[in-house]
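This report refers to the structure that appears directly beneath it.
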Amino acid sequence: MSNPKYIPHYSFEDYKVWKGDWELIDGLPIAMSPSPKMKHQIVAGNFYTFLNNSLRSKENNCNCRALYEIDWKVNNNTILKPDVAVVCPDTITDFIESVPVLVVEVLSPSTHLKDRNTKFSIYEENGVSYYIMIDPDSKKIEIFQLIDNKYKEVSISSFKLTKDCFVTLDLDSIFE
């Protein structure tokens, strides 16, 4: 079944001029409001901080970079805004334009279905190596690793981002 002809279809060019926080999924705009709540911000900020510090540590000779709430241009019709993403190699543009190696979504009541279903599928289909979903209310962390092109839930705290880049995180500390 094709898209109904009366529903507008938007592209990256349209998206670039919109005001406010949006995502674009298969040409359909998704408003990113209301703003994330305090627990969400604290957990996402803590994860970003710990991850960034680990990537930038003297012990880690890594060309990856942690990014916080930056748009990922998946394709011309899909732009997502992960809470935290890691890109390797470290390239600086206005958008993530290559597949992140790791993505973190902090679940909230207004986004948990999209994060758990739609984004899960998009990240898996596009080859994101690690997808981490964090529920700040239950303090539950789900880690999925791409194995044979499918996500498998794993229990790990060390992540192989590239051939020479490993990151180990104290995941429980992100709730502090």
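Considering only segment 127-155, state which residues are assigned to a loop (DSSP other than H, G, I, E, B) and either in contact with a Ser or Thr (Cβ under 9 Å, 6 or more places away or on another chain) or charged (D, E, K, R) (or both).
PRO136, ASP137, LYS139, ASP148
Being part of a strand (DSSP E or B), in contact (Cβ under 8 Å) with a residue 12 or more places away in the chain and closer than 19 Å to SER129 by Cα is a description that does not apply to VAL99.
Filter segment 56-101 down to the residues that are of a type in the set (Asp, Glu) and at negative phi, then identify the one that is surrounded by the fewest Cβ atoms within 10 Å (Cβ to Cβ).
First pass over segment 56-101, keeping only residues of a type in the set (Asp, Glu): 59, 69, 71, 83, 90, 94, 97.
After this cut, where a residue has to be at negative phi as well, the list is 59, 71, 83, 90, 94, 97.
Numbers: GLU59: 7, ASP71: 22, ASP83: 26, ASP90: 13, ASP94: 9, GLU97: 12.
So, considering only residues that are of a type in the set (Asp, Glu) and at negative phi, the one surrounded by the fewest Cβ atoms within 10 Å (Cβ to Cβ) is GLU59.
Kindly check whether there is at least one residue in segment 30-38 that is over 19 Å from GLU125 (Cβ atoms), touching a residue at least 12 places away in the same chain (Cβ under 8 Å) and part of a helix (DSSP H, G or I). The answer is no; no qualifying residue exists.
Which one is nearest to ASN117 (Cα to Cα) among residues in segment 62-83 that are in a loop (DSSP other than H, G, I, E, B) and either of a type in the set (Phe, Trp, Tyr) or in contact (Cβ under 8 Å) with a residue 60 or more places away in the chain (or both)? Only one residue fits best here, namely LYS81.
ILE7 falls short on exactly one of the conditions (1) in a loop (DSSP other than H, G, I, E, B); (2) within 20 Å of ALA85 (Cα to Cα); (3) not small (Gly, Ala, Ser), and that condition is (2). Looking only at segment 10-20, residues that are at pLDDT below 90 and within 18 Å of ASN76 (Cα to Cα) come to 0 in all.
Only residues that are in a strand (DSSP E or B), under 22 Å from ILE96 (Cα atoms) and not β-branched (Val, Ile, Thr) were counted in segment 156-170, giving 5.
The values are calculated or read from the model by the stated rules, or taken from the named source; none is laboratory data. The structure displayed is predicted, hence computed values, not measured ones. Every residue, glycine as well, gets a Cβ built from its backbone with ideal geometry; the counts of neighbours run over all protein chains shown.
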